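Enquirer: Here it is: the structure, laid out below.
The values are calculated or read from the model by the stated rules, or taken from the named source; none is laboratory data. Remember, predicted model here, so these are calculated numbers, not experimental data. Cβ placement follows ideal geometry from the backbone for every residue including glycine, while neighbour counts extend to all protein chains displayed.
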2 protein chains.
Amino acid sequence: MNKLIASSPANRKRTGVLINDPAKLVNTYPKVALTVDCAIFGFEEDKLKVLLIRSDLAEFKEKWSLLGDIVCDTEELDSAAYRVLSQRTGMEDVFLEQVRTFGGPQRHPGGRVITVAYCSLLNIYHHQLKIHDNELHWHSVDNMTDMAFDHKAIIDECYRWLQKRIQEHPLGFNLLPEKFSLRELQNLYEAILGVKLDRRNFRKKFFSMDFLIDVGEFEEDVPHRPGKLYKFNFEKYEKNKRKWFAIDF
Amino acid sequence: MNKLIASSPANRKRTGVLINDPAKLVNTYPKVALTVDCAIFGFEEDKLKVLLIRSDLAEFKEKWSLLGDIVCDTEELDSAAYRVLSQRTGMEDVFLEQVRTFGGPQRHPGGRVITVAYCSLLNIYHHQLKIHDNELHWHSVDNMTDMAFDHKAIIDECYRWLQKRIQEHPLGFNLLPEKFSLRELQNLYEAILGVKLDRRNFRKKFFSMDFLIDVGEFEEDVPHRPGKLYKFNFEKYEKNKRKWFAIDF
DNA sequence: CCTATATTGTGTAAAATTTACACATTATAC
DNA sequence: GTATAATGTGTAAATTTTACACAATATAGG
């Protein structure tokens, strides 16, 4: 099934003789192209969105793909992903985390290309966000179709990852403006998790965590009684971060 | 900081002209060596162990490394990891999951080598387990020192991943014999999580989940009253898998 | 056979958390 | 000024989690 490669650690006979020239060894290894792909999520009109670009492969004409790039020679994976992110959005200090690596031998029509998938969260209305390329678009996460490569599978994986993660860590705030109302926060959770939550219990939950700072301001331009605005107290959270423990499955 | 690569998706001018020859494009990408590394965990004498091998690089003489191998030309990442696992342990049907990818440009002294880390769990006393290579050893997970490459960091990451994962999914049973006592199960959780648990509450918890099958047998060769033996009901678990939901951070 | 030892197996009460649920308040829109 | 649409708030019941002690049962060793 696999071509045998004599130098491969598992096939190399272990003679007890140590290898003095690792570069020579690595030279015998097969090489693949390496990219990063970013699932850049945003939240708009109470919907989770992901930033996509038109594929420029003829084969995937009219199809959408994630923002990605090759990893340069001496570049860290995280740095490559971050570079994609800031080049494409103009934003700095954006939430970014590795999700998983996709390496199917047939995933790219041009030959083997391994991609490390990243998840990124940003506020679509951030003043710093600049999307120049008019081939870039925010797509609703439900209703992902016509995707190039295996990018549908990557987005699905990143979305599941996000659903899980926002329940355990305060990631969601990265999708909101710095100041937000509890309604916005609840809409965010409801949209991402695909559930309906009780308003009073939701509030009680977040207030009891005691990480919300009342900024003493109110919503504006809403056609009803404006809600209070809050900030998330990241410093306090980092200090009090509870060690998560509960057997439950 | 990074060498510019004209063909890189992010640098390529988007002219609207579609690429008809993706292979030609991929050929211009820089290539890296690709490996998988398996953190193969076992449980012995109430301690979490990981299977390591002596590094065969002179540079890492006397140091330990994870079991890994290069990924072959047309091989899936999962398959490569599984191949390492079965070649090294003789076992089939072993729990295996991708954890994350390590790709620091300097992580391998022989040049750039990206590695996809996998976590695997098996029962050290399984009759099928055959470890031929006498350079292979089970190491206690605390007390990991003298590791080759960045394998200490990889093990740390896999260990944290495991700690989290066994609380949400019934992975731990993969480390135990098919039939086990509740004491063994509790020892497992205590060892992996590094906590002390109340015996009665632990039992109540697992009984209330209702996934344990009383096999009607008892421990043997223990110098005290033998405990009942149980199996984990994986079928029932798969059917009833509850969708995990709880905002908590 | 008896005794010492070590571990199994079991229940309950208190505390904490989660859930379900309704109405008065406050702003805008017309 | 009135209709509308959302905010803001409390409590009781149910559930889950925690803390905690003692009798039963096997082996080990004299």
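So that you can scan it fast, the table gives a plain yes or no per residue for (1) at pLDDT 95 or above; (2) among the aromatic types (Phe, Trp, Tyr); (3) over 30 Å from residue A:79 (Cβ atoms):
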position	(1), (2), (3)
B:95	yes, yes, yes
B:117	yes, no, no
B:145	no, no, no
B:151	yes, no, no
B:172	yes, no, yes
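Enquirer: Another one. Would you confirm whether any residue within the range B:158-179 is within 16 Å of DNA strand C (Cβ to nearest atom), buried (at least 17 other Cβ atoms within 10 Å of the Cβ) and assigned to a loop (DSSP other than H, G, I, E, B)? Give the derivation first.
Expert: Of all residues in the range B:158-179, those within 16 Å of DNA strand C (Cβ to nearest atom) come to B:167-168, B:176-177, B:179.
This time we only want the ones that are buried (at least 17 other Cβ atoms within 10 Å of the Cβ), so: B:167, B:176.
If we keep only those that are assigned to a loop (DSSP other than H, G, I, E, B) too, we end up with B:176.
Yes: one or more hits.
Enquirer: Given (1) of a type in the set (Ser, Thr, Tyr); (2) surrounded by fewer than 24 Cβ atoms within 10 Å (Cβ to Cβ); (3) more than 19 Å from residue B:175 (Cβ to Cβ); (4) in contact (Cβ under 8 Å) with a residue 24 or more places away in the chain, identify the lone condition not met by residue B:115.
Expert: With (1) of a type in the set (Ser, Thr, Tyr); (2) surrounded by fewer than 24 Cβ atoms within 10 Å (Cβ to Cβ); (3) more than 19 Å from residue B:175 (Cβ to Cβ); (4) in contact (Cβ under 8 Å) with a residue 24 or more places away in the chain applied to residue B:115, the lone miss is (2).
Enquirer: Of all residues in the range A:74-102, count the ones that are in contact (Cβ under 8 Å) with a residue 40 or more places away in the chain and part of a loop (DSSP other than H, G, I, E, B).
Expert: 2
Enquirer: Return the residues of the range B:194-238 that are part of a helix (DSSP H, G or I), more than 13 Å from DNA strand D (Cβ to nearest atom) and either of a type in the set (Phe, Trp, Tyr) or within 13 Å of chain A (Cβ to nearest Cβ) (or both); say none if nothing qualifies.
Expert: Applying the first criterion (part of a helix (DSSP H, G or I)) to the range B:194-238 yields B:199-209, B:234-238.
Still in the running and more than 13 Å from DNA strand D (Cβ to nearest atom): B:234-238.
Answer for the range B:194-238, where residues must be part of a helix (DSSP H, G or I), more than 13 Å from DNA strand D (Cβ to nearest atom) and either of a type in the set (Phe, Trp, Tyr) or within 13 Å of chain A (Cβ to nearest Cβ) (or both): B:234, B:236, B:237, B:238.
Enquirer: Condition first: facing another protein chain (nearest Cβ under 7 Å) and crowded, with 24+ Cβ neighbours inside 10 Å. Now tell me which residues in the range B:20-44 satisfy that. Break it down stepwise before answering.
Expert: Our first condition is that a residue be facing another protein chain (nearest Cβ under 7 Å); within the range B:20-44, this holds for B:20, B:22-23, B:25-26, B:29-34.
B:34 - this is the single residue of the range B:20-44 that is facing another protein chain (nearest Cβ under 7 Å) and crowded, with 24+ Cβ neighbours inside 10 Å.
Enquirer: Which condition from (1) in contact with a Ser or Thr (Cβ under 6 Å, 6 or more places away or on another chain); (2) under 16 Å from residue B:41 (Cα atoms) is the one that residue B:148 breaks?
Expert: With respect to (1) in contact with a Ser or Thr (Cβ under 6 Å, 6 or more places away or on another chain); (2) under 16 Å from residue B:41 (Cα atoms), residue B:148 is out only on (2).
Enquirer: Is it fair to say residue A:15 is outside any helix (DSSP H, G or I), hydroxyl-bearing (Ser, Thr, Tyr) and crowded, with 22+ Cβ neighbours inside 10 Å?
Expert: Numbers: outside any helix (DSSP H, G or I): yes; hydroxyl-bearing (Ser, Thr, Tyr): yes; crowded, with 22+ Cβ neighbours inside 10 Å: no.
So residue A:15 fails the test.
Enquirer: Failed condition for residue A:155, given (1) more than 16 Å from residue A:66 (Cα to Cα); (2) touching a residue at least 40 places away in the same chain (Cβ under 8 Å), with all others met?
Expert: Unmet for residue A:155, out of (1) more than 16 Å from residue A:66 (Cα to Cα); (2) touching a residue at least 40 places away in the same chain (Cβ under 8 Å): (1).
Enquirer: Then there is this: Considering the range A:80-107 alone, what residues qualify as being under 22 Å from residue A:159 (Cα atoms) and at the interface with chain B (Cβ under 9 Å from one of its Cβ atoms)?
Expert: Correct list: A:80, A:83, A:84, A:88, A:98, A:99, A:100, A:101, A:102, A:103, A:104.
Enquirer: Going by the conditions given, is residue B:154 buried (at least 19 other Cβ atoms within 10 Å of the Cβ), out of contact with any strand residue (DSSP E or B) (no Cβ under 6 Å at 6 or more places or on another chain), within 14 Å of chain A (Cβ to nearest Cβ) and on the phi < 0 side of the Ramachandran plot?
Expert: No, not satisfied.
Enquirer: Check whether at least one residue in the range B:180-190 is more than 10 Å from chain A (Cβ to nearest Cβ), under 21 Å from residue B:40 (Cβ atoms) and away from DNA strand C (no atom under 16 Å from the Cβ), and report yes or no.
Expert: no
Enquirer: So residue B:144 fits all but one of (1) in contact (Cβ under 8 Å) with a residue 40 or more places away in the chain; (2) in a helix (DSSP H, G or I); what number is the exception?
Expert: Against the list (1) in contact (Cβ under 8 Å) with a residue 40 or more places away in the chain; (2) in a helix (DSSP H, G or I), residue B:144 comes up short only on (2).
Enquirer: Tell me which residues, restricted to the range A:189-214, are touching a strand residue (DSSP E or B) at 6+ places or on another chain (Cβ under 6 Å) and under 20 Å from residue A:39 (Cα atoms).
Expert: If the condition is that a residue be touching a strand residue (DSSP E or B) at 6+ places or on another chain (Cβ under 6 Å) and under 20 Å from residue A:39 (Cα atoms), then A:191, A:192 are the ones that fit.
Enquirer: If you don't mind, there's one more thing I want to ask. Looking at the range A:197-249, which of its residues are polar (S, T, N, Q), modelled with pLDDT of 95 or more and more than 10 Å from DNA strand C (Cβ to nearest atom)? Step through it out loud before you land on a result.
Expert: We begin by selecting, within the range A:197-249, every residue polar (S, T, N, Q); these are A:201, A:208, A:233, A:240.
Now drop any that are not modelled with pLDDT of 95 or more, which leaves A:201, A:208, A:233.
Result: A:233, single match.
Enquirer: OK, next. Report the residue count in the range A:180-190 for those that are surrounded by fewer than 18 Cβ atoms within 10 Å (Cβ to Cβ) and within 19 Å of residue A:143 (Cβ to Cβ).
Expert: Going through the range A:180-190 one residue at a time, the tally reaches 1.
Enquirer: Out of B:28, B:74, B:89, B:15, which single residue is under 18 Å from the mean Cα position of the chain (by Cα) and hydroxyl-bearing (Ser, Thr, Tyr)? Break it down into steps so the answer makes sense when it comes.
Expert: On the way: B:28 fails: under 18 Å from the mean Cα position of the chain (by Cα); B:74 fails: under 18 Å from the mean Cα position of the chain (by Cα); B:15 fails: under 18 Å from the mean Cα position of the chain (by Cα).
So the residue among B:28, B:74, B:89, B:15 that is under 18 Å from the mean Cα position of the chain (by Cα) and hydroxyl-bearing (Ser, Thr, Tyr) is B:89.
Enquirer: Of all residues in the range A:93-134, count the ones that are out of contact with any Phe, Trp or Tyr (no Cβ under 9 Å at 6 or more places or on another chain), farther than 24 Å from residue A:31 by Cα and of a type in the set (D, E, K, R).
Expert: 3
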